[in-house]
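The values are calculated or read from the model by the stated rules, or taken from the named source; none is laboratory data. Values in this document were obtained by computation on a predicted structure and should not be read as measured data. With ideal geometry, Cβ positions are generated from the backbone for all residues, glycine too; neighbour counts draw on all protein chains shown.
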Amino acid sequence: MNRNVRIWDLVLIIALVALCTVPLWFPSSEGAYATVSVDGAIVTRLPLSEDTSFRLEDGTLLVVRDGTIWVEESQCPDGLCHEMGRISREGQTILCLPNRISIVISGEVDAYVG
């Protein structure tokens, strides 16, 4: 009987862990936006639900497609912002230190600057 209790405990723990990770299986970019800042000042907020591109004053090209955003072109010498790839989940960030650019994914926004 002790053995049955342990098995059902294990089944319950696995079921709870699986249930808690469901949002990770189906990430939603609906309502999410990317806040683009240069030198600490917000330049624009781009909704991830709309495919678009945005060129910053220094020539950096940002692309939003299929709920993700990435740096397509940049003038920085090290190119690390390219290597960071596409981001789509809240809290993810792309940084370009030479150009002082940060792109942060956030949840819903009441109004957006564009």
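One residue stands out in segment 45-87 among those that are over 19 Å from ASN99 (Cβ atoms) and small (Gly, Ala, Ser): the one that is farthest from the chain's Cα centre (by Cα), namely SER49.
For segment 68-88, name all the residues that are surrounded by 15 or more Cβ atoms within 10 Å (Cβ to Cβ) and modelled with pLDDT under 90. The answer is SER74, CYS76, LEU80, CYS81, HIS82, MET84, SER88. If you go through segment 43-76 and pick out every residue that is farther than 18 Å from GLY107 by Cα and outside any strand (DSSP E or B), you end up with 8.
For segment 33-40, check the following and say yes or no: at least one residue is surrounded by 13 or more Cβ atoms within 10 Å (Cβ to Cβ), at pLDDT below 90 and touching a strand residue (DSSP E or B) at 6+ places or on another chain (Cβ under 8 Å). Taking every residue of segment 33-40 in turn, none turns out to be surrounded by 13 or more Cβ atoms within 10 Å (Cβ to Cβ), at pLDDT below 90 and touching a strand residue (DSSP E or B) at 6+ places or on another chain (Cβ under 8 Å).
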